[in-house]
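Read-outs: derived from the displayed coordinates by stated rules, not from any lab. Not measured: the values here are computed from a predicted model. Here the Cβ positions follow ideal geometry from the backbone for every residue, glycine too, while neighbour counts run over all protein chains shown.
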Amino acid sequence: MADLCTLVVCGAPLASRAPEIAASLAAAGWGLQVVTTPSADRWVDAAALTAAAGQAARAEHRAPGAPKNRERPAVVVVAPITFNTVGKLAAGIADTYAHSLLCEALGDQVPVVAVPMVNNRLWGHPAWAENVGRLTRAGVRWLSIHDGSVGLPQVVQSGTGDDVVKRFNPEWISRQLP
């Protein structure tokens, strides 16, 4: 059985490429579980994502009495990760299923690879650098949305998101996984 990769998709333009990202991870041999934040829904083609991942994405906590998913992922990928999710994760806010899963992964020391999509208008917010630093110290690996390199997050100029998304290569993610 393939190692499990949990793909978390947040609400930003790169979310439109989630089916391709899932397909690339599956092609690299990962078993997939896909989780979306509530704001990702308007960006994602749910049918295409289900086809690529082999199962529907999950956005909500399980119903009371429903069986728990006990399989621990080998890695968690967040593509894209937004300013909002970086802030929530750094503060330990687990108010959605996706954010709970991310907080749990950090707490359980599961490797987290994140592809930030944050524009220059948010970049200068005083919490941004502090939150990135906190998550970096916690072990989050940042993958550039511009070229797939690993390092500190790189800004996206406001108004260039569509071009950045078109140039993004989903294989950059699978090449950086442990």
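In table form, for the structure just shown:
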{"item": "Value of relative contact order over the stretch 109-164, rounded to a whole percent, pairs C-alpha under 8 Å and six or more apart", "result": "42 percent"}
{"item": "DSSP bridge pairs, the chain: antiparallel proportion in percent, nearest 5", "result": "5 percent"}
{"item": "Computed helical MRE - 222 nm, the chain, DSSP H runs ≥ 4 contributing -39500 (n - 2.57), nearest 500", "result": "-10000 deg cm²/dmol"}
{"item": "Percent RCO, i.e. relative contact order, over the chain, from Cα pairs under 8 Å lying at least 6 residues apart", "result": "23 percent"}
{"item": "Highest-MSF residue in the chain out of Ala79, Ala26, Ala129 [GNM, Cα springs under 10 Å]", "result": "Ala129"}
{"item": "Test item: Cα-centred dipole of the chain, Lys/Arg +1 and Asp/Glu -1 on Cβ, debye", "result": "220 debye"}
{"item": "Among Asn169, His99, Ala28 the positive-end extreme of the charge dipole of the chain (Cβ point charges)", "result": "His99"}
{"item": "Euclidean distance between Cα centres, the stretch 95-163 to the stretch 18-48, Å", "result": "18 Å"}
